[in-house]
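S.K.: Please read through the structure below; I'll follow up with questions.
Nothing in this text is a laboratory measurement; each read-out follows from the coordinates by a stated rule. Predicted model only: the values in this text are computed from it and were never measured. Note that we place each Cβ from the backbone using ideal geometry, even for glycine, and neighbour counts take in every protein chain shown.
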Amino acid sequence: MFCKYCGSQIEDGAQFCPNCGSATERPSAPGGGNSQPYYQQPTYQQPTSTSNTIALVGFILSFFVTLPGLICSIIGYRRAPEYGGNGRGLALAGIIISSVTIGLAILFVIIYTVVIVQYGLAVSAI
């Protein structure tokens, strides 16, 4: 018997070619009838995660802890192309929410300081 892939001679009844390693054709069943065809169970791969988790984390954190939310949202926005664009909107929303919150906090501190300084001077002048 000869291997149909590499042409080397192999023993009768061998399942694999010792030269190239390819599977040989199965011999027919005794009596001339054909045996059942060889069937291999298909293998399935685990689905890969295509969600941009860091963008989601950044979006959620932007409501509670703005600076880490802003950092995670920026990272998630930059990684969005790796996930096929998934999470880009969440990351952008996290960036906007965090930026607006930080801006309002800075504005509040400035206004509060100005008011305290004015009223503090007015009270001490009396």
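S.K.: Which value, in Å³ per residue, describes the convex hull spanned by the Cα atoms of the stretch 53-125? Write out the running numbers ahead of the final one.
M.R.: Values: hull volume 4.5 nm³, N = 73.
So the per-residue Cα hull volume is 61 Å³.
S.K.: Here is a further query. Tell me, what ³J(HN,Hα) does each residue in the stretch 87-102 have, in order and in whole Hz, if you take phi through Karplus 6.51 cos²θ - 1.76 cosθ + 1.60 with θ = phi - 60° and put x for Gly and Pro?
M.R.: Computed from phi, the couplings for the stretch 87-102 are x, 5, x, 4, 5, 5, 5, x, 5, 5, 5, 5, 5, 5, 5, 5 Hz.
S.K.: Count the net charge of all other residues whose Cβ sits under 14 Å from the Cβ of Ile71, scoring Lys and Arg as +1 and Asp and Glu as -1.
M.R.: Around Ile71, the surrounding residues sum to +2.
S.K.: Determine the relative contact order of the stretch 53-125: mean sequence separation of Cα pairs under 8 Å and six or more apart, normalised by residue count, in whole percent.
M.R.: The normalised contact order for the stretch 53-125 reaches 30 percent.
S.K.: Where Rh denotes the Kirkwood radius from the mean inverse Cα pair distance, what is Rg over Rh for the stretch 47-92?
M.R.: Radius of gyration over Kirkwood radius for the stretch 47-92 works out to 0.99.
S.K.: Moving on to the next point. Note the full-extension length gain between Ile111 and Tyr5 as 0.36 nm times their separation in residues minus their Cα-Cα distance, in nm to one decimal. Let's see the in-between values first.
M.R.: Working: separation 106, 0.36 × 106 = 38.16 nm, distance 8.31 nm.
Extending this stretch completely gives an extra 29.9 nm.
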